[in-house]
Amino acid sequence: MLTIVLLCAAVLLVLAPLAVALAHRAAATQFVYGVSMIATAISLIAALTHLVAAASPENIVLPIGVPWLGSHLRLDALSAFFIVVIDLGAMTASLFALGYGRHETAPERVLPFYPAFLAAMTLVLVADDAFTFLLSWEFMSLTSWAMVMSHHRVPENVRAGYVYLVMASFGTLALLLAFGLLAGPDGLYTFAQMRAAHPSAVLGALALVLALIGAGSKAGLVPLHVWLPLAHPAAPSHVSALMSGVMTKVAVYGFVRIVFDLAGGPAWWWSIVVLALAGATTVMGVLYALMQHDLKRLLAYHTVENIGIIFIGLGLALAFKAHGMLFAAALAFTAALLHVFNHSLFKSLLFFGAGAVLTATGERDMEHLGGLIHRMPRTAFLVLIGCVAISALPPLNGFVSEWLTFQAILLSPQLPSWGLKLLVPSVGALLALAAALAAACFVKAYGVTFLGRPRTRAAEAATETDSYSLAAMFVLAALCLLVGILPGAFIDALAPVSSALIGEHMPTQIGAQWLSIVPIAASRSSYDGLLVFVFMTLSGTLAAWAIHRLASDRLRRAPAWDCGYPDASPATQYSATSFAQPIRRVFGTIVFRAREQVEMPPPGDTRPARLKVELHDLIWEAIYAPIAAGTSFAADRLNRFQFLTIRQFLTLVFCTLIVLLLVLAIWS
Amino acid sequence: MSGINFDIAHFLAGTLVLVSFLELYQDRLYALLNVYAAHALVLAASVAWQAFVQDAPHLYVTAVIALVFKAIIIPVTLHRVIVRLGIHREIEKVVGVGTAMLAGMGLVALSMVVMLRVTQNADPLAREDLAFALSVVLLGLLMMVTRRNAVSQVVGFMSLENGLVLAATGAKGMPLVVEISVAFSILIAFIVIGIFLFRIRERFDTIDVQALDRFRGERR
Amino acid sequence: MVLISNFAIQGAQMLLVLLLAPLFTGYVRKVKARLLRRQGPPLFQPYRDLARLARKEVVLADSASWLFRIIPYLVFAAIWVAASLVPTFRTGLMFSWSADFIAIIALLGSGRFFLALAGMDVGTSFGGIGSSREVMIASLAEPAMIMIVFSLALIAGSTQLSTMAAFMASSAVGLRVSLGLALFALMMVAIAENGRIPIDNPATHLELTMVHEAMVLEYSGRHLALIELSGSLKLILYVSLIACLFAPWGIESAGAAVPTLAIGVAAYIGKLAVGGFLLGVFETSIAKMRVFRVAEFLGAALMLGLLATLLRFVSASF
């Protein structure tokens, strides 16, 4: 299986320079995306076979790369699962791009980097030594950066690319240090050697912190998330979907690999750090999302929230594993991994919807859209399924992973540590709060964009997207429903991963009564997605039939009632800013220092009234702005060294030489 | 101590914490005094139950004192005072309700952690009742810190004292002498505060504590 | 035989809540009217209202979409399924294990999600007001509810409602602080979720005071009948929830014979009567809060739920 995966990655790598050569031909887009789709589909099937068959890990050593080390590659259960996740996302993104790519104005800036990006992500997942891992990680960052900069004339894209590059380099530095620490003074760079080395407690703790910084910044943990809402919207929509839905999962893989596999047995306090960060990330992400009215930026902030949910599951797994409660750890770990899968599904679906809206109307701002459900009915239906899934409503898939996380939280009172006893219920409250706020956010996003009346000409003139995009969205929506109805099969597929990293796995779900899932014991809790779905359908149909028989079926169209004050102007309907106002007042006054000001002209003046909303990004202002200002200041001071006379340069060289000689004299 | 006695004592102590939270939530002075009367009522019930369970008849006196003085006489008198002062409508708060509630939660968590770690070897009922009593004391202090109005600060002080009484009765044995002296000191303090409030009102036309700072001679 | 009787009992539960829901709403209105020294509408008036609405023609706004037309059915389906899974006269219903307490709350959340979308659909400012206030209330009420579920689940050892009700009815549960806190918080959340005074006035049409009514302003005819019925079902669901968890006396256990079920039904109707009366008294004696005070009210409920959970985490005897 590993050879198949590597061959597909090689095909993608070969496709990249080929795309450079072909980029100006008419059929280049179809060719590149078509081949990508087929390659990722084959790779997906290979990885899925490996995972479901619970096969043993496969190893390959290639003689490329560092001379004395070569390139170690390995496919085990964890890698196979994550390859399934990214290849599913990549396959649907390529399918979407077959239709969307036709509207790309600068294909030569996107096409070469796209297959390289896919190949890089696959290589990160199969890397079995530090060099290959870091090389592929950097390659992944660079190719995605290139695609973020594809529309480089837009000034905000330039800023986005700059911040992205800085944060990505910073993250790689952290990961470099982490691997350096784990490799030790003897230079044990392969993962197998690191696993056997059993690092000490201090080393493990440092590795955790560095992995949190490095992988966490790529995943989007607060406060290292600042590049995400800038970079993800700037890229073309299928690339945004990949960055949000798939690249963040590669970062999660990196964290899991280092902390669960390589850093040795977890100490009890590791979970406290992870849980605290994850809880903050979850709530901050969704609150930021509620304040946005740019569709793609809203979705990017939502990714931050879902990464928080994943890390809550991982933190709980660490806590249980550290105290030896392996079954509970397996439950929390499986919940986190299932959410990884679910999130890639519905986030990609929503980004595809945003891309479809962007091509149809040319607008990303919700305040300029509206009424699209009449003009793009199929897109609207599929995006609705995505919104219901991401709001964690039964019977779709978002609810299943959240339910499993809640069940894991309910097992936590058995943990002996006091810090955890106080932290876990608070994190549970934050998770519930974030879930409710996420539903609010998507009522806003869907309601303002698709429902209501069109607010601009562009929204009025929208037409349905092409069939490739619709097909891609349909595949993802169908999977969302499938995972929601039959979660047992997917939980069982994750059992090998859990066994490998935790030592235990959840009880086998296939065979439970009526296809329900029983995470711990039947007497304790169970959930049957299929039955809930069937029940709801039956009740709805019964109600419809009864109404049809017993009630009148006459219907008449008329202007809206609007309490007797109908207004023809679509500007009187609620906008995104107005919809978020109650929540902004309740939560935003503290979290964003939100202030609202209404400038009301005096009676008789025909100027419009103005609403001014002021929001502060406190994380940016407290952490990043001072660092940027300090760096600027230091750089300005150091700039003087550019303009010295020759004598001063010589003096500098002379002083450095004297200092080095002194050091040599004193220290030898 | 058997199960149901344990549970009822616990339940009453927990209800006292709940009523302290209700006090933090109140906006208006009149309602705050009513909630304080409920606070004293629950305290009286708790002390009476302790008297029944520990078979200590002198605690019944404490319960009756709590009931008569703190649940009836003091709230009624304070009602009259604030109606005469004309301030029975609004309370000015330094921090919002949400922040006060969050701080209250943190204080309860803190008192749990402190009490249950420090008293590892003591009787389980006493430990947990002490934890609740410490929570009530801290919540009373929080109320004193987060209010501007002198009357609400007095109410906070009295809830704090209720918490101390709860702690003392839970620890099995509070001599009647101590209770009488404590009660009299409260009465004296109350009379002094009452006189003070009227004098302040006469002099400065307000009992907003922050306004009083202006007259202290230290400009801020 | 057992399978058929289990099916029959589940079906009977579904039918019972559906038939009693409008009666309960009428009863609460009657209690409120009597307390205000009015005669009030007859007890069976809500049935007549539903029949009248069903007979009427639907007037659909020009800008309403296909989603607007199917949302009443979706909302009704979600709430009816949730109401069928709350034990009323008997625990251990046939399908009670398919959705536990958390799933029931999430089902109610789905109903609310679609109703909020309906408010946005026609593109009027009233719908927007209703939806935005509703999601603000939900963003605090739902986490409070989850915290209550946590504290109750930690006491009862399960999130299944039937198991919880059976545990509460047994003598194994003592008088616990967390239970008291959870009950207080549950009553606060129940009032918020059903849009009763002091959160929302179910009888008003002033935009300053409406939340639920604003969302369903454009509905008429049979659609409005379904939505009103869903609202009544939700109210009876919450009262049944409080009854089965905190007043479980009279609930029959899973193996009970059919005649004893009649006792269970009678006990249930008695609990509804008491609950409705208390609700009526409470609504009459308190004024409606300003919209942003609701946030503080629900924030307090969330804190109480969190405190109850925290206490259970800290020690098993709380």
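The values are calculated or read from the model by the stated rules, or taken from the named source; none is laboratory data. Predicted, not measured: the structure shown is a model, and the values here were computed from it. As a convention, Cβ positions derive from the backbone with ideal geometry for all residues, glycine included, and neighbour counts pool all protein chains shown.
Brief remarks follow.
- Qualifying positions in region C:43-63 - surrounded by fewer than 21 Cβ atoms within 10 Å (Cβ to Cβ) and more than 8 Å from chain A (Cβ to nearest Cβ): C:LEU43, C:PHE44, C:GLN45, C:TYR47, C:ARG48, C:ASP49, C:LEU50, C:ALA51, C:ARG52
- Here A:LEU396 fulfils each of the conditions (1) closer than 17 Å to A:LEU331 by Cβ; (2) more than 9 Å from chain C (Cβ to nearest Cβ) apart from (1).
- If you check A:ILE83, A:ILE64 for being surrounded by fewer than 17 Cβ atoms within 10 Å (Cβ to Cβ) and either assigned to a helix (DSSP H, G or I) or free of Cβ contacts under 8 Å to residues at least 60 places away in the same chain (or both), only one passes: A:ILE64.
- Screening C:LEU279 with (1) within 14 Å of chain A (Cβ to nearest Cβ); (2) out of contact with any Phe, Trp or Tyr (no Cβ under 9 Å at 6 or more places or on another chain); (3) surrounded by 22 or more Cβ atoms within 10 Å (Cβ to Cβ) gives one miss only, at (1).
- In the set (1) of a type outside the set (D, E, K, R); (2) more than 34 Å from the chain's Cα centre (by Cα); (3) at pLDDT 90 or above, the condition left unmet by A:GLN581 is number (2).
- Listing of helices (runs of 4 or more DSSP H) fully contained in region A:452-523 that carry 2 or more residues being touching a strand residue (DSSP E or B) at 6+ places or on another chain (Cβ under 6 Å) and closer than 17 Å to A:LEU51 by Cα: A:487-493
- A:PRO519 satisfies every condition listed in (1) buried (at least 23 other Cβ atoms within 10 Å of the Cβ); (2) closer than 30 Å to A:PHE352 by Cα; (3) more than 8 Å from chain C (Cβ to nearest Cβ) except (2).
- Of A:ALA609, A:ALA665, all but one fail to be away from every other protein chain (no Cβ under 14 Å), exposed (fewer than 10 other Cβ atoms within 10 Å of the Cβ) and touching an Asp or Glu at 6+ places or on another chain (Cβ under 9 Å); the exception is A:ALA609.
- Taking residues in region C:129-144 that are at the interface with another protein chain (Cβ under 7 Å from one of its Cβ atoms) and farther than 16 Å from C:GLU218 by Cα, and partners anywhere that are of a type in the set (D, E, K, R) and in a helix (DSSP H, G or I), the pairs with Cβ atoms closer than 7 Å and at least 6 places apart or on different chains are C:ALA138/C:ARG112.
- Qualifying residue in region C:70-91 (condition: assigned to a loop (DSSP other than H, G, I, E, B), touching a helix residue (DSSP H, G or I) at 6+ places or on another chain (Cβ under 9 Å) and modelled with pLDDT of 90 or more): no
- When B:VAL97, B:VAL81, B:VAL118 are checked against the criterion of being surrounded by 18 or more Cβ atoms within 10 Å (Cβ to Cβ) and at pLDDT below 80, a single residue qualifies: B:VAL81.
- Of A:ILE385, A:ILE409, all but one fail to be β-branched (Val, Ile, Thr) and either within 10 Å of chain C (Cβ to nearest Cβ) or in contact with a Ser or Thr (Cβ under 8 Å, 6 or more places away or on another chain) (or both); the exception is A:ILE409.
- Of all residues in region A:566-584, none are more than 14 Å from chain C (Cβ to nearest Cβ), of a type in the set (Phe, Trp, Tyr) and surrounded by 10 or more Cβ atoms within 10 Å (Cβ to Cβ).
- Sub-7 Å Cβ pairs linking a first residue in region A:653-668 that is outside the structural domain of A:PHE641 (by TED's automatic domain parsing) to a second residue that is part of a helix (DSSP H, G or I), at least 6 apart or interchain, number zero.
- Residues that are out of contact with any Phe, Trp or Tyr (no Cβ under 8 Å at 6 or more places or on another chain), under 30 Å from C:ARG69 (Cβ atoms) and either at pLDDT below 85 or not in a loop (DSSP other than H, G, I, E, B) (or both) do not occur anywhere in region C:246-267.
- Qualifying position, being small (Gly, Ala, Ser), more than 12 Å from chain A (Cβ to nearest Cβ) and in contact with a helix residue (DSSP H, G or I) (Cβ under 6 Å, 6 or more places away or on another chain), among C:ALA300, C:ALA295, C:ALA257: C:ALA300
- Verdict on A:VAL20 being crowded, with 16+ Cβ neighbours inside 10 Å, in contact (Cβ under 8 Å) with a residue 60 or more places away in the chain and hydrophobic (A, V, I, L, M, F, W, C): no
- Filter result (more than 7 Å from chain C (Cβ to nearest Cβ) and touching a helix residue (DSSP H, G or I) at 6+ places or on another chain (Cβ under 8 Å)) within region A:523-537: A:GLY529, A:LEU530, A:PHE533, A:THR537
- Reported count of residues in region C:303-316, each being more than 7 Å from chain A (Cβ to nearest Cβ) and in contact (Cβ under 8 Å) with a residue 12 or more places away in the chain, is 5.
- For region A:452-463, the count of residues that are within 21 Å of C:PHE113 (Cα to Cα), more than 25 Å from the chain's Cα centre (by Cα) and either facing chain C (nearest Cβ under 9 Å) or surrounded by fewer than 17 Cβ atoms within 10 Å (Cβ to Cβ) (or both) is nonzero.
- The listed residues are C:PHE101, C:PHE89, and the only one of them that is touching a strand residue (DSSP E or B) at 6+ places or on another chain (Cβ under 8 Å) and either surrounded by fewer than 24 Cβ atoms within 10 Å (Cβ to Cβ) or more than 7 Å from chain A (Cβ to nearest Cβ) (or both) turns out to be C:PHE89.
- Restricting region C:146-203 to residues that are among the polar types (S, T, N, Q) and assigned to a loop (DSSP other than H, G, I, E, B) leaves a set whose member that is farthest from the chain's Cα centre (by Cα) is C:SER171.
- Of all residues in region A:416-448, those being out of contact with any helix residue (DSSP H, G or I) (no Cβ under 8 Å at 6 or more places or on another chain) and facing chain C (nearest Cβ under 8 Å) number 0.
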